[in-house]
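Asker: The structure under discussion is supplied below as structure tokens; questions concerning it will follow.
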Amino acid sequence: MNTLSEDLLISRRIGLSISTEDLDAAEVAETNRDTVGDYTVFDPKITARDVNVFYGTKQAICGVNLDLGNYEVLAMIGPSGCGKSTFLRCLNRMNDTIAECRVSGKIHLDGENIYHQNIDEVLLRARVGMVFQKPNPFPKSIFENVAYGPRLHGMTRDIGTLWDIVESSLRKAALWDEVKDILEQPGTSLSGGQQQRLCIARAISINPEVILMDEPCSALDPISTAKIEQLIDELREHYSIAIVTHSMQQAARVSQRTAYFHLGDLIEVGATNQIFSDPLHPLTEAYISGRFG
Amino acid sequence: MSQLLLVAILLALSAIAYQLGRRRALALDNVNGGRTRLHSRPSHYAVLTMLWCLFPPMLVFTVWSVVDTHVITGLLVQDLPAEFQMLPMAHLELVVNDIRNLAQGNIAAHADDPTIQAATGHYQQLLQINRFAKSVVMLLAATAGLAIGWRLISPHLRARVHTERIVNLFLISCAALAILTTIGILLSVLFEAMRFFQTVPVTSFLFGLEWSPQTALRDDQIGSSGAFGAVPLFAGTFLISAIAMMVAVPIGLLSAIYLAEYASRRLRSIAKPLLEILAGIPTVVYGFFAALTLAPLVRQISEAAGIEAASESALAAGLVMGIMIIPFVSSLSDDVITAVPQAMRDGSYAMGATHSETILRVIIPAALPGIVGSILLAVSRAIGETMIVVMAAGLSANLTANPFAAVTTVTVQIVTLLVGDQEFDSPKTLAAFALGLVLFLLTLTLNVIALYVVRKYREQYD
């Protein structure tokens, strides 16, 4: 992975030295924005086909097709307002909580359409967990933060088992050693990085199959970021992970596949290695070489 | 010179002071081709000069107003004929009062006495001189202040610092005024209460079970035992407040949750002001409603159920009071629930929680300090409420927990003790101050508890 980020740095430097002019708006508009690259995977966990999202009359996502494979990390990158977070929030129907938001198209989780009327979004969200941009621990103790999901879904009635769940979740989130003696303290008393790992522990406490991460490190310092990136790499063994990030280095470090969004379109998707070393689409090339974003 | 003219002249002077200060500062700034640097902006110098112009006349006015009555009275007495000066102090005061009344055109006892009439003329003359002298001295002080302030302006004068300090002092004195008023009220109640406790022991007041404040004027009067046991009053207060809170807390809290979490934006914008109107209805109107509509209804229903009920009952007063304080609970709770960050809700939804689970387990705990605060505010409102109780719960001090019986509250008794002609040395009247003192201590304790609770939860959750 080191070599990859070194490659990336070199390519960025070259890109910058060769051409520093920005792509102007007309040039972007003329560019063909059909998806380049293979958006399917052999063994998909989630398949999204022809997904459109509207906020009122404004279209935020235009006909996106994208698969998330089992036990992989899929990174979604792109300039601000490109719809990557909106797409992420479609995958566990978090967009349902926004009144003026409308979603069309088909999203299947293990072959089941999650927007079918018989699907209960509450049960769906128990299978597809989410970690947000800003750490949002509940106003409860560290223990209660992690025990929230298991209690909610009646996973156990036995306090001993609950303790086991909390401990294993915190261990998986690499937070146990730091908080094992202060479990009764409020979750908000932790540092930002610890709070975000607490939120990850909370998300995995109910054994989801997929974890969605919406810029999980953007509010954190570099050391906390490194810890969380390492954690994401470890979590890949058990979960399928989709992560939205502004940091291309982060995408390169943690993901196996990368999808590049631009103004609501999925421009290019492919193996992370290929996207950063040999992008096929001119917009992708322009973005990763830092000419806009 | 009329007071209005004086104020106008002072304001004009201060405006001139502002302009003069500003000009001088600007002129100083331009000396040496702008190379001397003023410490502050010209407007700071201007404000400082204006304050110099305004403060001395205000000081003169305050001191003068405190002193002048004594001085004038002294002068008046000095010039009275010798036979008046021989009079004892109390009698002399009466004469002076007569002169004052006559001077103001009121009815006086000895209006046709020539000496008095002469003295009155003299008094009016003195008053006029006094008024004129006061105005002149104030204007002189203003001018002198202006001159000093203007002279003081120099590049080294730290005008901004001085101005800030003066503004600061002014604000401090405003805050001090509010605190001192509170202390003054407390002390005046405290001293009257202490006079009461000289006749009635504290223990029998605080722990006595009978309240019957009619004291006998003559020894042979019956039915005037003069018992001052406050327990029935506080029991009645708590009973009615408890009934009111039983109405207001559930309804207020649940409607707050509905408004904040479920209602559409449009419905909320209509329903919330409507609910708040409840707080704006005069309590007398609530009293009508309680006494004429609800109390008979309560009585009918309870008699249909085979329970004996008085025509004035704690239940009727408590129910109506509860309705009155619903907006205190609902409006504040609605605000704190709305203020819970969206990130909190998102986090809970993302865990697969339903809307109601999110409200119950995340939003309410997060909003709890504010909700507790709103409830305690409502409690102190309920304890202090008087009018509804007078009209709907009666005046009889029964020590009972039966909500169908007539009870009375502390505030109602304070009102009945002080209404009408009262002698201020009888324990009956003074009892009102003792009740007020205990009530004050009660609400103070409540507020301290409220602050403690809010702070504790805040430490834990924020």
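Asker: Which is small (Gly, Ala, Ser), loosely packed, with under 15 Cβ neighbours inside 10 Å and not in a helix (DSSP H, G or I), of B:ALA90, B:ALA118, B:ALA109, B:ALA144?
Answerer: When all the criteria are applied, what remains is B:ALA109.
Let's see how each residue does on (1) outside any helix (DSSP H, G or I); (2) of a type outside the set (A, V, I, L, M):
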| site | (1), (2) |
| --- | --- |
| B:ILE9 | no, no |
| B:ALA15 | no, no |
| B:LEU28 | no, no |
| B:HIS39 | yes, yes |
| B:HIS44 | no, yes |
| B:LEU48 | no, no |
| B:LEU59 | no, no |
| B:SER65 | no, yes |
| B:LEU75 | no, no |
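Asker: Report the residue count in the range B:189-212 for those that are in contact (Cβ under 8 Å) with a residue 12 or more places away in the chain and part of a helix (DSSP H, G or I). Before the answer, list the steps.
Answerer: Taking the range B:189-212 first, the residues in contact (Cβ under 8 Å) with a residue 12 or more places away in the chain are B:189-190, B:192-193, B:195-197, B:199-200, B:204-212.
If we keep only those that are part of a helix (DSSP H, G or I) as well, we get B:189-190, B:192-193, B:195-197, B:199, B:204-207.
Matching residues across the range B:189-212 total 12.
Asker: Across the range B:289-310, what is the number of residues that are touching a residue at least 60 places away in the same chain (Cβ under 8 Å) and not in a helix (DSSP H, G or I)?
Answerer: 4
Asker: Can I ask one more? A:ARG157 - would you say it is outside any helix (DSSP H, G or I) and of a type in the set (Lys, Arg)?
Answerer: Criteria met by A:ARG157.
Asker: Output the residues belonging to the range B:342-360 that are within 19 Å of A:ILE200 (Cα to Cα) and either open to solvent by less than 10 Å² (accessible area, probe 1.4 Å) or within 7 Å of chain A (Cβ to nearest Cβ) (or both).
Answerer: B:ALA343, B:MET344, B:ASP346, B:GLY347, B:SER348, B:TYR349, B:ALA350, B:MET351, B:GLY352, B:ALA353, B:THR358
Asker: With more than 12 Å from chain B (Cβ to nearest Cβ) and open to solvent by less than 10 Å² (accessible area, probe 1.4 Å) as the only criterion, which of A:LEU198, A:LEU175 stands out?
Answerer: Answer to the selection: A:LEU175.
Asker: Further question: Out of A:ASP214, A:ASP265, report the one residue that is at pLDDT below 95, in contact with a strand residue (DSSP E or B) (Cβ under 6 Å, 6 or more places away or on another chain), within 14 Å of chain B (Cβ to nearest Cβ) and open to solvent by 10 Å² or more (accessible area, probe 1.4 Å).
Answerer: After applying the criteria, what remains is A:ASP214.
Asker: A follow-up question, please. Based on what the data block shows, is A:ARG93 charged (D, E, K, R), on the phi > 0 side of the Ramachandran plot and open to solvent by less than 50 Å² (accessible area, probe 1.4 Å)? Steps first, answer last, please.
Answerer: On the way: charged (D, E, K, R): yes; on the phi > 0 side of the Ramachandran plot: yes; open to solvent by less than 50 Å² (accessible area, probe 1.4 Å): yes.
Yes: the conditions hold for A:ARG93.
Asker: For the range B:314-330, check the following and say yes or no: at least one residue is within 14 Å of chain A (Cβ to nearest Cβ), within 25 Å of B:GLU276 (Cβ to Cβ) and in a helix (DSSP H, G or I). Quick ask: steps written out before the conclusion?
Answerer: Start the filter on the range B:314-330 by keeping residues that are within 14 Å of chain A (Cβ to nearest Cβ), which leaves none.
No, the range B:314-330 has no match at all.
Asker: While we're on this one: If you go through the range A:29-72, how many residues are assigned to a strand (DSSP E or B) and closer than 20 Å to A:MET94 by Cα?
Answerer: Result for the range A:29-72: 22.
Asker: Further question on the same structure: Since A:CYS82 meets every condition but one in (1) at pLDDT below 90; (2) within 16 Å of B:TYR349 (Cα to Cα), which condition does it not meet?
Answerer: Among (1) at pLDDT below 90; (2) within 16 Å of B:TYR349 (Cα to Cα), A:CYS82 violates only (2).
Asker: OK, next. From B:GLU312, B:GLU357, grab the single residue that is touching a helix residue (DSSP H, G or I) at 6+ places or on another chain (Cβ under 8 Å) and over 24 Å from B:PRO250 (Cα atoms).
Answerer: That would be B:GLU312, the only listed residue that is touching a helix residue (DSSP H, G or I) at 6+ places or on another chain (Cβ under 8 Å) and over 24 Å from B:PRO250 (Cα atoms).
Asker: So, in the range A:78-134, how many residues would count as being within 11 Å of chain B (Cβ to nearest Cβ) and of a type in the set (Lys, Arg)?
Answerer: Counting residues in the range A:78-134 that are within 11 Å of chain B (Cβ to nearest Cβ) and of a type in the set (Lys, Arg) gives 5.
Asker: Given the conditions (1) more than 23 Å from A:GLY187 (Cα to Cα); (2) within 13 Å of another protein chain (Cβ to nearest Cβ); (3) surrounded by fewer than 17 Cβ atoms within 10 Å (Cβ to Cβ), which single one is not true for A:GLY154?
Answerer: (1)
Asker: Any idea which of (1) within 30 Å of B:ARG265 (Cα to Cα); (2) open to solvent by 40 Å² or more (accessible area, probe 1.4 Å); (3) outside any loop (DSSP other than H, G, I, E, B) is the one A:LYS134 doesn't satisfy?
Answerer: A:LYS134 satisfies every listed condition except (3).
The values are calculated or read from the model by the stated rules, or taken from the named source; none is laboratory data. Being a predicted model, the structure only gives us computed values, none of them experimental. Note that each Cβ is placed from the backbone with ideal geometry, even for glycine, and that neighbours are counted across all protein chains shown. For accessibility, only protein heavy atoms count, side chains too; no ligands or nucleic acids. Shrake-Rupley method; radii C 1.70, N 1.55, O 1.52, S 1.80 Å.
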